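What follows is one structure encoded as C-alpha cells, with my remarks underneath.
The values are calculated or read from the model by the stated rules, or taken from the named source; none is laboratory data. Because the structure is predicted, anything quoted here is derived from the model rather than measured. Cβ atoms come from the backbone with ideal geometry, glycine included; neighbour counts cover every protein chain shown.
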Amino acid sequence: MSAVPVEWFLVLAALLFTIGAVGVLVRRNIIVIFMCIELMLNAVNLVFVAFSRQLHSMDGQVVVFFVMTVAAAEAAVGLAIIIAAFRNRETVNADELNLLRW
Amino acid sequence: MWIETGIVAIKALVVILMVLNLAGILGWVERKGSALIQDRIGANRASVFGIAAAGLVNTMMADPLKFLTKEDIIPARADRLLHTVAPCVGLFAVTVAFAAVPFGDVLQVGGRTINLQAVPLNIGILFVLAMVSLSVYGVVLGGWASNDRFSLLGGIRGSAQVISYEIAMGLSLVAVVMTYSTLDLQEMARAQGQLIGGWLPAWGILYQPLAFLIFFCAGIAETKRVPFDLPEGESELVSGYFTEYSGVKYLMFFMTDFVEIIAISGLVTTMFFGAWQVPYLQRDGFHFPGGASMLLPQIIVAVMQVLSFMIKVFFFCWLQIMIRWTLPRLRYDQLMRFGWKGLLPVSLLNVLATAVVALAVQG
Amino acid sequence: MSPVLFVILAAMLIVSALGVVLQRSPIRCALALVTTLFVLAVIFLFLDAQLVAALQVIVYAGAIMVLFLFVIMLLNLQQDVRAMAWLGARVVAVLMGSLFLLAAVRFFVYPLAPRLGPGMGGAPPEGFGSTEQLGQRLFTHYLFAFEITSVLLLVAIIGAVVLAKRKLA
C-alpha cells in the first residue's frame, strides 16, 4: 500500500470509530452495543498498524497484539455478565436493565 | 506480470480441481467401503446401459444429479439470507485452506522454476488455522438459520466441539513450528528431505509422534466425523445442524465434510509424512545412501512427487473413513472432556518437551 | 497498492460497519461484524502486518465472534422489538458523531499530515511484520506486559466461568 498516504487510513479509522460510537449510543440491545465497542477497538487497531507501517516500527503491531488479547478477555467477561443479567431479568434491552438508575 | 498471474491461476485451478474431484471420489469410497465393512453390498442400483461400475454410477452420477435437481426448501420463519449463506461460508473456508498446502516441489519448465504451491505464504500454517476456524460459521449459521430446535442444538454442540478441538490442534501445530522454525508449509516439506544418520528420511513423524496423534485426533474432531459426530448425531438429532437443508445446500454441507477430510489429510501428510517427498528423491533424480544414484529428467521427478503426495493424502482420507465405520460415537460430555482434559494438557506437555529437547540439542 | 484497491476495501469496511449498527437482528449484526473484521485483516495484509492479520482472523473473527454468536444463540435472541433509541436520541447521536469525526480529521489528521511524509515512508525493512520480528519485539522489550496479559487472561477465564455459572439454588 505504498501509493496510499497514511492519512487516508487515519480518516478511515476515524470513520469506523464514529460508526461504532454512534452504534453504542443508538442501539438498545446490549450485545449489539458490545459489538459496536469491538468495532471501536478495531478502528484503533487500524491506526496502530497504519502508523507501524509508516514509521517502520514493530511496536505498533505489538500493541495491536495486546489490544486483541484484552478485547478477548473483555468480551468473555462482558458476555458472562450479560448471560447472568439475562437469567435474572429475562431481557437484554438496555432500557429495561435499569435497576441501578436513580 | 501476466504470466505470473496466469501461473498462479493455473496452480489454484489445479488444486481446486484435485480437491473437489477427490471429495467426490471419497463419497464413493465411503459408501462402498462402509458396505464392505458392514458385510452388505452398498449402492449399486443406478446403472448406465446396464453398467453399474461397482456403485460409481450411483454415487458419482446419479446422486449429484439428484441433489442438483431437488427442490430447495427454506423453512417458513427461517432467515432466508442466512439459510443460503451458511453452506457457502463453510465450503469456502475449508476449500481456501488448500491455498497454502504444497503439492510438489518445483516444476522447471521453459527456464522458469514454478513452486508447486498455490500461494507461497510465509504465514502458511497460521493461514490454514485461520480458515479452519472460519469453518465454524458454517455450523453455527446452519444451526441457527433453520429455526428449528434440533438444528440449533446440533449447531451449538457442533461449534462448541470445533472451537474446543481447535485449541489442541493449534498447540500441536506450535510444536511442529518449533521443530521446523518456519510457518511456511513448503519449507517444512523441503526440510523433510534431509536424511538422519545418512539413511533415514527426516519425516516429521520421527520428530513429533505425539503431535501427529494429537493433530490427527483433533482433526477428526474438527471435521465432526465419528467418533466425534454428535453434532450430526444421525440417530439422535435427525441430521443435526443440516436437518432443514435439501438439494444443493445439503450437497454443499456434504462436500464440506469431505473437503475437510482432505484438508486434514493434506496437513498431516505435509507436516508429518514428508508431503511430496519420495525417500531419496532429489530434484535431479534418486540419490541412494550407498552412493548409487539414478538421474531422471525434472518433469518425471515432479510427476513422481505430486503422485506421492496424492497417494499419501488418499491413504489418510481412507484411514479416516475406516475409522468412521469402526469406532462407536463418543457421548457429548465424553467428547468435551477428552478435548479439554485430555488433548489440551497433552499438547501443552508436548510443546514443553519439544522446547526442552530443542534447547538441549542446540546448547 | 493502488488507491483503487484501498477505496474498494474501505467501501466494504464501511458498508459492513454500517450493517453492524443498522441491522435489526443481532445475528446479522454479528455476521456484519465478522465481515468487517475479515476486511480489516485483508487491509492489515496490505500494510505488511502478516502475523497481525492472521491473528485478527484466528482470534477476533474465529473465536471472539463465535463467542458472541454462542451467546446470541443461547439466549435465542430473535429480531429486536425496539432496535434503536427514539428519533431525537438518534438525531443527536448522529450529529455528535459527525462533529467528532470532523473535529478528529481537522485537529488530528490535518496538522499531522505534513510531518508524516509521502507514500507510507517507502519500503519497509526485510521481514517486516513477520512472526520472527513480532516475537522478538514481544519477548524482549514487552516481556513484562506479555506475562501480565497472560495473568489477565487467566483472571478473565475464571471470572467468566464464575459469572455465568448457574447457581445451585
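Report yes if C:Leu51 is part of a helix (DSSP H, G or I) and surrounded by 21 or more Cβ atoms within 10 Å (Cβ to Cβ), otherwise no. Considered against the rule, which asks whether it is part of a helix (DSSP H, G or I) and surrounded by 21 or more Cβ atoms within 10 Å (Cβ to Cβ), C:Leu51 comes out as yes.
Taken over region C:70-111, residues that are within 7 Å of another protein chain (Cβ to nearest Cβ), outside any helix (DSSP H, G or I) and over 23 Å from A:Phe17 (Cβ atoms) amount to 4. Does region B:314-363 hold any residues that are of a type in the set (Gly, Ala, Ser) and closer than 25 Å to B:Gly155 by Cβ, and which are they? Hits for region B:314-363 are B:Gly339, B:Gly342.
In a residue-by-residue description of region B:165-180, the property of being more than 30 Å from B:Met336 (Cβ to Cβ), surrounded by 20 or more Cβ atoms within 10 Å (Cβ to Cβ) and in contact with a helix residue (DSSP H, G or I) (Cβ under 7 Å, 6 or more places away or on another chain) applies to at least one position. Only one of the listed residues (C:Leu31, C:Leu9, C:Leu67) is part of a helix (DSSP H, G or I) and surrounded by 22 or more Cβ atoms within 10 Å (Cβ to Cβ). That residue is C:Leu31. Assessment of region B:49-64 against the conditions (among the β-branched types (Val, Ile, Thr), part of a helix (DSSP H, G or I) and free of Cβ contacts under 8 Å to residues at least 12 places away in the same chain) yields at least one matching residue.
Which numbered condition in (1) at the interface with chain C (Cβ under 7 Å from one of its Cβ atoms); (2) surrounded by fewer than 21 Cβ atoms within 10 Å (Cβ to Cβ); (3) under 25 Å from C:Leu99 (Cα atoms) is the only one that A:His56 fails? If we test A:His56 against (1) at the interface with chain C (Cβ under 7 Å from one of its Cβ atoms); (2) surrounded by fewer than 21 Cβ atoms within 10 Å (Cβ to Cβ); (3) under 25 Å from C:Leu99 (Cα atoms), just (3) comes out false. Considering the conditions (1) part of a helix (DSSP H, G or I); (2) under 30 Å from B:Thr182 (Cα atoms), B:Asp105 is excluded by exactly one of them, (1). In region B:17-28 there is no residue matching the filter, namely being surrounded by fewer than 16 Cβ atoms within 10 Å (Cβ to Cβ) and not in a helix (DSSP H, G or I). Looking at the structure I just gave you, is B:Ala35 in contact with a Lys or Arg (Cβ under 8 Å, 6 or more places away or on another chain), in a helix (DSSP H, G or I) and without any contact (Cβ under 8 Å) to a residue 40 or more places away in the chain? When the stated conditions are applied, B:Ala35 does not pass them.
Residue by residue, here is whether (1) surrounded by 15 or more Cβ atoms within 10 Å (Cβ to Cβ); (2) out of contact with any Ser or Thr (no Cβ under 8 Å at 6 or more places or on another chain) holds:
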position	(1), (2)
B:Tyr280	yes, yes
B:Gly285	yes, no
B:Leu295	no, yes
B:Pro328	no, yes
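Is one or more of the residues making up region C:140-155 facing chain A (nearest Cβ under 7 Å), over 19 Å from A:Val70 (Cβ atoms) and either surrounded by 13 or more Cβ atoms within 10 Å (Cβ to Cβ) or touching a residue at least 60 places away in the same chain (Cβ under 8 Å) (or both)? No, because not a single residue in region C:140-155 is facing chain A (nearest Cβ under 7 Å), over 19 Å from A:Val70 (Cβ atoms) and either surrounded by 13 or more Cβ atoms within 10 Å (Cβ to Cβ) or touching a residue at least 60 places away in the same chain (Cβ under 8 Å) (or both). Restricting region A:72-93 to residues that are more than 7 Å from chain C (Cβ to nearest Cβ) and surrounded by 15 or more Cβ atoms within 10 Å (Cβ to Cβ), the residue that is nearest to C:Tyr60 (Cα to Cα) is A:Glu74. Residues in region B:148-182 that are within 9 Å of chain C (Cβ to nearest Cβ) and of a type in the set (Asp, Glu): B:Glu166 alone. Restricted to region B:42-90, and to residues there that are modelled with pLDDT of 80 or more and of a type in the set (Val, Ile, Thr), the residue that is surrounded by the fewest Cβ atoms within 10 Å (Cβ to Cβ) is B:Thr69. The residues in region C:115-156 that are modelled with pLDDT of 85 or more and part of a helix (DSSP H, G or I) can be counted, and the count is 24.
Per the listing C:Gln79, C:Gln136, the residue uniquely touching a residue at least 12 places away in the same chain (Cβ under 8 Å) and surrounded by fewer than 17 Cβ atoms within 10 Å (Cβ to Cβ) is C:Gln79. In the set B:Val356, B:Val346, B:Val361, B:Val303, only one residue is among the hydrophobic types (A, V, I, L, M, F, W, C) and touching a residue at least 24 places away in the same chain (Cβ under 8 Å); that residue is B:Val346.
Working carefully through the options A:Val32, A:Val6, find the one that is in contact (Cβ under 8 Å) with a residue 24 or more places away in the chain and either crowded, with 23+ Cβ neighbours inside 10 Å or among the basic types (Lys, Arg) (or both). Even if it seems obvious, please write down each step before you answer.
On the way: A:Val32 fails: in contact (Cβ under 8 Å) with a residue 24 or more places away in the chain.
Selected residue: A:Val6, the only one of A:Val32, A:Val6 that is in contact (Cβ under 8 Å) with a residue 24 or more places away in the chain and either crowded, with 23+ Cβ neighbours inside 10 Å or among the basic types (Lys, Arg) (or both).
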